[in-house]
1. Which whole number in µm²/s is D for the range 21-123 by Stokes-Einstein, with the Kirkwood Rh taken over Cα pairs at 4 °C and 1.567 mPa s?
2. Once both axes come from the Cα atoms, what is the angle between helix 8-33 and the longest principal axis of the chain, in degrees from 0 to 90, rounded to 10?
3. Can you tell which of 123, 35, 68 shows the greatest fluctuation in a Gaussian network model of the chain with Cα springs below 10 Å?
4. Most mobile of 61, 74, 33 per a Gaussian network model of the chain (Cα springs, under 10 Å)?
5. Can you give the FRET efficiency for residue 38 and residue 106, using 1/(1 + (r/R0)^6), R0 = 30 Å, r = Cβ-Cβ distance, to the nearest 0.05?
6. Have a look at 32, 63, 132 and tell me which one the Gaussian network model of the chain (Cα, springs below 10 Å) gives the largest fluctuation.
7. Mind checking the full-extension length gain between residue 17 and residue 81? Use 0.36 nm per residue of separation minus the Cα-Cα distance, one decimal, nm.
8. Restricting everything to alpha-carbon atoms, can you work out Rg to Rh for the range 2-62 with a Kirkwood hydrodynamic radius?
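Just so it is clear, none of the values below were taken in a lab; they were calculated from the coordinates. Since we're looking at a predicted model, the values are computed, not measured. Because the Cβ atoms are built from the backbone with ideal geometry, glycine has one as well, and the counts that use them run over all protein chains shown.
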């Protein structure tokens, strides 16, 4: 099974640090405008949030894998709730590559796979090098077309 690029951990850890900083801002606002809060308590909450977010990011990276199988795209992901997903190629509608500003900054991209059947049924494969994302998108498009042609016969 293929793993994500290790730089995706930087994005996920960065997100955890931003959330911890926002939490600090909320705690300071509560201290200033509502209830006095002990500064060491604020610091402890922020540190715990940053550490837990970092641990979650590392565990998430270790778990996240995907594989192009003969008849389906198979994904394994999740930390607290572990999810194994099999998406038959015949259910694929289309695929996109996405690169947000932060992803571009660290040289990563994502592939989004849209499936048939339900509203909003899409799967995002993050943390890919742009070349790999383009290659994967095209590979999935070809497999979906082959599957549709085979299913029509």
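1. Numbers: Rh = 17.2 Å.
Rounded, D is 75 µm²/s.
2. Once rounded, one gets 30 degrees.
3. Judging by the Gaussian network model, the answer is 35.
4. Top of the fluctuation ranking is 33.
5. Details: r = 37 Å, r/R0 = 1.23.
Once rounded, the FRET efficiency stands at 0.20.
6. 32
7. Values: separation 64, 0.36 × 64 = 23.04 nm, distance 2.20 nm.
Additional length available on full extension: 20.8 nm.
8. Numbers: Rg = 14.4 Å, Rh = 12.5 Å.
Ratio of gyration radius to Kirkwood radius: 1.15.
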